[in-house]
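The values are calculated or read from the model by the stated rules, or taken from the named source; none is laboratory data. The structure displayed is predicted, hence computed values, not measured ones. Please note: Cβ atoms are built from the backbone with ideal geometry, for glycine as well, and neighbour counts cover all protein chains shown. Accessible surface areas use protein heavy atoms only, side chains included; no ligands, DNA or RNA. Shrake-Rupley method; radii C 1.70, N 1.55, O 1.52, S 1.80 Å.
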Amino acid sequence: QVQLVESGGGLVQPGGSLRLSCAASGSIFRVWIMGWYRQAPGKQRELVAIITSGGSTNYADSMKGRFTISRDNAKNTVYLQMNNLKPEDTAVYYCHANSPSGAYWGQGTQVTVSS
């Protein structure tokens, strides 16, 4: 059974930074495609960024240049570095894993950008 545990969310002022982490259980993490999604109140869940097993990345247009996804296969962890945060980035951020055994979601971590 795959488990994903996010951490690193919180309250930050506009222009600030946060780094989210997602720790995954599983012995073949290195072959998984990992992603971050977010869901703001009243809106659909949307893609933030994904990273393949080979380290290729893809970002939603509104996050390009501000967010960076990375992974540490030795630690079974994927990260999302978020810089220059804006109030519209406020949402619950979810970690997602696409593994050979299926797709999994974390429980989410709240990010609030407010002065």
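Matching residues to (1) of a type in the set (A, V, I, L, M); (2) within 18 Å of G102 (Cβ to Cβ):
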residue	(1), (2)
Q3	no, yes
Y37	no, yes
I51	yes, no
N58	no, no
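Just one of the numbered conditions (1) more than 20 Å from Q110 (Cβ to Cβ); (2) open to solvent by less than 40 Å² (accessible area, probe 1.4 Å); (3) of a type in the set (G, A, S) is not true of A60: (1).
How many residues are touching a helix residue (DSSP H, G or I) at 6+ places or on another chain (Cβ under 7 Å) and open to solvent by less than 20 Å² (accessible area, probe 1.4 Å) if we restrict to region 22-57? Walk me through it before giving the result.
Within region 22-57, the subset touching a helix residue (DSSP H, G or I) at 6+ places or on another chain (Cβ under 7 Å) is 29-30, 48-49, 53.
Add one more test, that the residue is open to solvent by less than 20 Å² (accessible area, probe 1.4 Å), and what stays is 29, 48-49.
Residues that pass the stated criteria total 3.
Take the conditions closer than 15 Å to Q107 by Cβ, in contact (Cβ under 8 Å) with a residue 24 or more places away in the chain, open to solvent by 70 Å² or more (accessible area, probe 1.4 Å) and out of contact with any helix residue (DSSP H, G or I) (no Cβ under 9 Å at 6 or more places or on another chain) and apply them to R19. Does it pass? Before the answer, list the steps.
Working: closer than 15 Å to Q107 by Cβ: no; in contact (Cβ under 8 Å) with a residue 24 or more places away in the chain: yes; open to solvent by 70 Å² or more (accessible area, probe 1.4 Å): yes; out of contact with any helix residue (DSSP H, G or I) (no Cβ under 9 Å at 6 or more places or on another chain): yes.
No, not satisfied.
Taking every residue in region 34-46 that is on the phi < 0 side of the Ramachandran plot and pairing it with any residue that is assigned to a loop (DSSP other than H, G, I, E, B) and open to solvent by 80 Å² or more (accessible area, probe 1.4 Å), at least 6 positions away or on another chain, the pairs with Cβ-Cβ distances below 6 Å are Y37/R45; Q39/R45.
Among the candidates G9, G65, G26, G15, single out the residue that is at positive phi and touching a strand residue (DSSP E or B) at 6+ places or on another chain (Cβ under 7 Å). Give the derivation first.
On the way: G9 fails: at positive phi; G65 fails: touching a strand residue (DSSP E or B) at 6+ places or on another chain (Cβ under 7 Å); G15 fails: touching a strand residue (DSSP E or B) at 6+ places or on another chain (Cβ under 7 Å).
Unique residue meeting the criteria: G26.
In region 69-88, the qualifying residues are those that are surrounded by fewer than 17 Cβ atoms within 10 Å (Cβ to Cβ) and in contact with a strand residue (DSSP E or B) (Cβ under 7 Å, 6 or more places away or on another chain), and the one that is nearest to P41 (Cα to Cα) is P87. Listed by first and then second residue, the pairs linking a residue in region 91-111 that is closer than 24 Å to S53 by Cβ to a residue that is among the polar types (S, T, N, Q) and surrounded by 18 or more Cβ atoms within 10 Å (Cβ to Cβ), with Cβ atoms under 6 Å apart and 6 or more places separating them unless they lie on different chains, are Y93/T109. For region 89-115, taking the residues that are closer than 17 Å to V12 by Cβ and open to solvent by 60 Å² or more (accessible area, probe 1.4 Å), the one that is modelled with the highest pLDDT is identified as Q110.
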